[in-house]
Amino acid sequence: MNVTPLFLGLDLSTQSFKVLLLDNNLTKIYFDSIIFSSDLPHYKTENGVLHNNETNECFSPVLMFIEALDLLLTRMKKKGVPFENIVAISGSGQQHGSVYWGSEGENLLKDLDYNKCLLSQFDKKDIFSCFYAPIWMDSTTTKYCTELENVYGIEKLCEVTGSRAFERFTGNQIKKIYIEKNDIYCKTVHISLISTFISELFLGKFAPADYSDASGMNLFNINTKKWDFELLSLSGGDFLNKKLLPPVPSTQLLGLINQYFVKKYGFNKICEIFVFSGDNPCSMVGLGITHPGIVGISLGTSDTIFSLLNKKRKSNIEGHLFTSPLNEDDFMMMVCMKNGALVREKYKRLYGENDWEIVESLLKNENIDRKQIFGYFFEYPEICPLINTRDFAYFKGENIKEIEIESLKNEEIMQCLYESKAFLLKLSLESFGIQQVEKVIITGGSSKSKAFLQIIADIFNCDIYKVDSEETAVLGAVYRAYHGYYCEKLGKFTDFEKIIPFDPCKYELIATPNQKRALRFKELLIEFSVILNELILKFPY
Ligand code: XUL
């Protein structure tokens, strides 16, 4: 094909649907996003989510996803995007969420009318068995998680699927539909993850999930790369196997683009669709976490840490082990902590005059000996570590004695808080056997605080790089399309880093470790973890 190749990535996240187009030099050509709550207000979601106050369930309307795609593509056409130059597409989707297809769904996918938009064709009977997708924010499946862990065993579940039973994980969501909404379950011919769902529109037929996104389901055996049949039957009876396609490697070419997009928008008929993946695996790729030793930290509403593991794997009951989205032999560890930005906000209000600059100066004020004070801040029941207390506990001195938070100076409180968050991140990494870190790449709102980044540099004892981007998942999606495309061209799997080398110019070096403090924190981390283990026993989840 004699054209300048372009690569398209999509990201269907909780609050928005984004597209990003890169050229062959990975330069940005086009970016756009649909914000669900403001661009599509008629679905009446709150930031993309419908929350049922009676049942506590969280859903997103499937038609909203489809209408957002119609809008994105129409805008691209209006702006004159050269669709015919796009050679490869991949995508990212909020992990764990699921879409339930009805009996006519696949027929429609194969026979879309290019004179019409997608929305008008999908808004019909029997296309979906349910017009609402349960999403990752739903936590109404505790009963099924407990049942699963009791019958199957927690240790075995971690060993086989990489995670213990989590409410948002798709298998437990499917179980709820199987038991509580059996009419929907019976009418469902195929279940897609949210990422897979978008790939199905582009492909014109049902598609598989990739190994990495499938790892967030509590159904997929991350060792054999196959569904675990016992888990399938525990979660959806005898028929679940028929409603799911076997997952495929993350660089898999699924096929060529659906004729609908060729005729309606002018896509090239040889444009290749590569399997889509979850937002966490895609963010890892987009952040540049491309070999073990590089660690990604996202400091958002939740604090999330992830890294690659080179074949050695150690399951951890508080975190998740996914198949790597870059190489089917490797793994990706991920730990999400609920008590992130909201706790920092609260302490800013209470002890930092509600001003980030004051917080920053309190963190920098080191004229105090706070060697023996540790703080533990769990405003919400925490999933990592599993601890259920809203109280804060402070300890001081050789005998580990609880002390009143109010008795501390503001700078002590603030330093305790930020250090404890960094300690928890470091401990979660160590629990997966990762001791040495080459560099940390940080993103997210709280990464604005330089003093916090310095604390992280000293506790992780490595350089900290920062990326200011809301677009890591969609960037990862395009990179995956690019990687898949060149593996296909070369006729064999080729390492990601050979195709997209790590580019230090994209990052800002923001903190380097102070060796004196790094040494001190190394000792303090041990004490912090001893107290933490006592608290975990005292306040079980
Ligand atoms: C991770 C998780 C969220 C979703 C939505 O396990 O539930 O990060 O992927 O972003």
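Listed here are the residues, each with its yes/no results for (1) open to solvent by 10 Å² or more (accessible area, probe 1.4 Å); (2) of a type in the set (S, T, N, Q); (3) modelled with pLDDT of 95 or more; (4) in contact with a Pro (Cβ under 6 Å, 6 or more places away or on another chain).
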residue	(1), (2), (3), (4)
Gly445	yes, no, no, no
Ser449	yes, yes, no, no
Ala457	no, no, yes, yes
Ile464	no, no, yes, no
Val467	yes, no, no, no
Val474	no, no, yes, no
Ala477	no, no, yes, no
Tyr482	yes, no, yes, no
Is one or more of the residues making up the range 212-228 in a helix (DSSP H, G or I), surrounded by fewer than 24 Cβ atoms within 10 Å (Cβ to Cβ), out of contact with any Pro (no Cβ under 6 Å at 6 or more places or on another chain) and of a type outside the set (Lys, Arg)?
no
query: Taking the condition open to solvent by less than 30 Å² (accessible area, probe 1.4 Å) and either small (Gly, Ala, Ser) or outside any loop (DSSP other than H, G, I, E, B) (or both), does Ser139 pass?
result: no
Filtering the range 463-497 down to residues that are farther than 18 Å from Asn85 by Cα and free of Cβ contacts under 8 Å to residues at least 60 places away in the same chain yields Asp463, Ile464, Tyr465, Lys466, Asp468, Glu470, Leu490, Gly491, Lys492, Thr494
Here the residues within the range 194-214 that are closer than 27 Å to Phe131 by Cβ and under 20 Å from the mean Cα position of the chain (by Cα) are Ile194, Ser195, Thr196, Phe197, Ile198, Ser199, Pro208, Ala209, Asp210, Asp213, Ala214
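Each row is one residue, and each column tells you yes or no for (1) closer than 19 Å to Ser277 by Cα; (2) under 23 Å from the mean Cα position of the chain (by Cα).
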{"position": "Gln94", "(1), (2)": "yes, yes"}
{"position": "Asn107", "(1), (2)": "no, no"}
{"position": "Cys130", "(1), (2)": "no, no"}
{"position": "Cys145", "(1), (2)": "no, yes"}
Of the candidates Ser307, Ser298, the one satisfying the condition of being within 16 Å of the ligand (Cβ to nearest atom), over 24 Å from Asn223 (Cβ atoms), part of a strand (DSSP E or B) and of a type outside the set (D, E, K, R) is Ser298
Note on the range 110-136: residues within 16 Å of the ligand (Cβ to nearest atom) and not in a strand (DSSP E or B) are Ile135, Trp136
Scan the range 265-276 and tell me whether some residue there is within 26 Å of Arg344 (Cα to Cα), within 16 Å of the ligand (Cβ to nearest atom) and in contact with a Gly (Cβ under 7 Å, 6 or more places away or on another chain). no
Those strands (runs of 3 or more DSSP E) completely within the range 1-93 that have 2 or more residues that are touching a residue at least 12 places away in the same chain (Cβ under 8 Å), open to solvent by 10 Å² or more (accessible area, probe 1.4 Å) and away from the ligand (no atom under 16 Å from the Cβ) are 28-35
Matching residues in the range 158-190 (open to solvent by 30 Å² or more (accessible area, probe 1.4 Å) and among the polar types (S, T, N, Q)) number 1
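The values are calculated or read from the model by the stated rules, or taken from the named source; none is laboratory data. Computed from a predicted model, the values in this text were never measured in an experiment. Neighbour counts are summed over all protein chains in view; Cβ atoms, including those assigned to glycine, are modelled from backbone coordinates with ideal geometry. What goes into the accessible areas is simple: the full protein's heavy atoms, side chains included, and nothing from ligands, DNA or RNA. Shrake-Rupley method; radii C 1.70, N 1.55, O 1.52, S 1.80 Å.
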